[in-house]
Every structure is written in C-alpha cells, then in structure tokens.
1. As a test of the formula, what do you get for the chain when each DSSP H run with n ≥ 4 contributes -39,500 (n - 2.57) and the sum is divided by the residue count, at 222 nm and rounded to the nearest 500 deg cm²/dmol?
2. Which of the lysines could be linked to Lys22 by a straight reach, that is with a Cα gap under 30 Å, when you skip same-chain ones fewer than 8 residues away?
3. With +1 assigned to the C-beta of every Lys and Arg and -1 to the C-beta of every Asp and Glu, and no other charges, what is the dipole magnitude of the range 1-156 about the Cα centre in debye, to the nearest 20?
4. Once you keep just the Cα pairs under 8 angstrom separated by 6 or more residues, what percentage relative contact order results for the chain?
5. Ignoring any ligand, DNA or RNA, what whole percent of the accessible area of the range 1-61 comes from carbon and sulfur when the probe is 1.4 angstrom?
6. Given the peptides 238-246, 225-233, 106-114, 21-29, arrange them by the average over their residues of other C-beta atoms within 10 Å, most packed first.
7. Starting from the amide H of Thr117, placed 1.01 Å from N in the peptide plane, find each other amide H under 5 Å away whose residue is 5 or more places distant or on another chain.
8. Restricting to lysine pairs 8 or more places apart or on different chains, what number in the range 140-238 have Cα atoms under 20 Å apart?
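The values are calculated or read from the model by the stated rules, or taken from the named source; none is laboratory data. Keep in mind it's a predicted model, so treat the numbers as computed, not measured. Cβ placement follows ideal geometry from the backbone for every residue including glycine, while neighbour counts extend to all protein chains displayed. Just the protein is used for accessible areas: all its heavy atoms, side chains included, with ligands, DNA and RNA removed. Shrake-Rupley method; radii C 1.70, N 1.55, O 1.52, S 1.80 Å.
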Amino acid sequence: MKFTKMHGCGNDYIYINGFTEKIPQEDKPELVQKISDRHFGIGGDGAIFINPSAEADFEMEMYNADGSRAEMCGNGIRCVAKYVYDYGLTDKTDISVISCGKIKYLQLFVKDGKVDTVRVNMGTPILYAEDIPVISAPGREKEHIIDEPIFVKGKEYKITCVSMGNPHAVVFMDDVTNLLIEKVGPDFENHERFPNRINTEFVKVLNRKTVQMRVWERGTGETLACGTGCCATVVACILNGLTDNTVTVKLLGGEIEITWDREADLVYMTGPAATVFSGEYTI
C-alpha cells in the first residue's frame with residue numbers, strides 16, 4: 001500500500017489514495033491503528049483516505065489513531081488539498097471536499113508549483129447543545145453552552161461548546177503551558193455530559209487578536225494542532241467577548257488564522273500544509 005505522510009502545524013496523518021489503493025472497508029479501522037503507531041507503524045495522529053466523490057471533487061475519509069471514524073479535521077483537509085494538487089489529481093485552486101456528508105470549499109495558494117497554504121470555508125458553527133452534542137448541567141438546561149460550569153474529577157471548569165462538524169469544549173485558563181493535559185484530557189473526553197466524547201481545547205487569551213491553545217483530541221490524545229479546534233476556540237472567544245473576529249491561534253506545532261464572518265455566519269481557516277515523506281507499507 002502506497003502512502004504519503006503529511007502534516008498541518010504538526011497535526012500529522014497518513015494519506016492514502018483511494019483512487020488506486022483498494023482497502024476493504026471492514027479492514028480500515030485495524031489498519032489505521034497499526035499504521036498510526038509511532039513505534040511499530042508509520043506514525044501519525046490517524047489516517048485519511050482520499051476517495052472519488054459524486055457530490056464533491058473529492059471525499060476525505062478520516063480515522064483517528066484508535067481506528068474510530070472522525071467527521072472532520074481542519075488540518076487534515078488542508079493536506080488533502082495539497083495532496084490532490086501536488087500529485088496531479090486536480091489542477092484547480094478552488095476545490096470542494098466532502099467528509100461524512102458535509103462539503104467544505106477550499107482555496108489553494110500555490111508557491112513554486114506546490115500548495116503552500118490553504119484557506120477553508122469551514123461553514124457555520126453549530127451552537128445548539130443537542131446538535132453538538134453536549135448535555136446541560138442538571139438544573140441549567142440551556143440551548144447553548146457558553147461559560148457553563150462542569151465538574152471534572154471534583155474540580156470546576158467553565159466550558160463553551162461548539163461543533164465544527166465534530167464536537168468541541170473550550171476551556172479558558174490563565175496558564176496552558178504547564179497544564180498536565182495528559183491527566184485532565186481523558187477525563188474531559190469521556191465525561192458523561194458528552195455522549196459522543198469530546199475534543200477539548202485549553203485556551204489562554206493573549207490579546208484581542210491572539211490566543212494560545214493546547215488540544216486533547218478524542219481517540220488520539222494531545223496533538224500539536226487541531227484545525228476544527230482552532231475554529232471552535234475562536235468562536236468561543238467571540239461568544240464570550242474575549243477577542244475580535246479574526247484571531248491568530250498559537251499551537252504547539254505552529255499558527256493558524258481563523259475568521260468568523262458574523263454577517264455570513266461562516267468560519268474561515270487559513271494555515272499551512274506540508275508533505276513529510278512517501279513510501280510503501282506491507283499489509
């Protein structure tokens with residue numbers, strides 16, 4: 001099986017050309033677990049199959065490192081755009097990609113014949129609790145979960161919940177650098193208030209235009225970046241009156257710019273995409 005390792009701000013996935021590599025659907029979860037292993041496999045935060053589509057230019061079929069299916073990945077979809085252009089599957093610089101039935105529209109910025117950065121229309125943020133989904137705290141039933149208390153292992157935090165096609169809980173903190181994320185992250189991910197588990201962003205607001213973020217992704221753990229998490233973070237910042245509508249999100253793996261166009265109610269994400277290496281894996 002031929003593959004290409006790619007990353008967006010350090011959020012790395014193994015990309016497989018579904019046009020040429022025919023992997024039985026029932027074999028994919030186990031295969032993804034094996035190839036995502038950083039010691040015995042290729043190594044990555046998961047795997048993404050790039051497939052033909054009748055509804056869009058391409059389909060992104062994404063899996064977390066534990067083999068579970070994921071709805072959307074902002075860093076992953078930028079790399080899909082780079083892959084299809086750089087490897088000649090398209091010559092267009094405006095493309096559409098479908099993932100779990102949702103179509104995203106991407107603008108590709110080319111430098112020296114290769115895609116350098118990608119701007120993605122990530123769509124309208126989902127704020128209704130039942131659609132995220134998230135369960136309101138007892139006695140606090142609300143349509144939107146904004147700055148609402150949650151108790152995790154006996155400690156109170158405040159969460160703002162947003163879905164960008166996948167569920168996110170944003171937690172604002174004074175210090176994220178020294179956060180023991182590997183201890184608190186799993187407790188958020190598997191908390192009873194999140195029926196489908198949750199991606200959790202721990203965020204420090206630096207100023208009206210800049211935030212610092214660390215992320216615990218469901219099914220994977222801490223990653224160096226999360227594109228949908230950046231989108232959810234900026235939406236949460238704006239809902240809480242903490243930032244302007246365009247924000248640079250500083251991540252362990254780099255920076256991503258997010259804009260929430262309030263009039264159109266659309267979120268735009270702009271960031272890099274990079275190829276690491278290609279190879280063959282014996283199944």
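1. On the way: 4 runs with 44 residues, N = 283.
Helix contribution divided over all residues of the chain: -4500 deg cm²/dmol.
2. Lys2, Lys5, Lys34, Lys82, Lys92, Lys102, Lys104, Lys114
3. Numbers: 19 positive and 25 negative charges, 91 e Å.
Result for the range 1-156 is approximately 440 debye, rounded to the nearest 20.
4. On the way: 699 pairs, mean separation 57.5, N = 283.
Rounded, it is 20 percent for the chain.
5. Working: 1250 of 2590 Å².
On the range 1-61, the fraction of accessible area on carbon and sulfur atoms equals 48 percent.
6. Numbers: 238-246: 15.9, 225-233: 31.3, 106-114: 13.7, 21-29: 11.1.
Taking the mean over residues of other Cβ atoms within 10 Å, the ranking is 225-233, 238-246, 106-114, 21-29.
7. HN-HN under 5 Å from Thr117: Phe109.
8. Total qualifying Lys-Lys pairs in the range 140-238 comes to 7.
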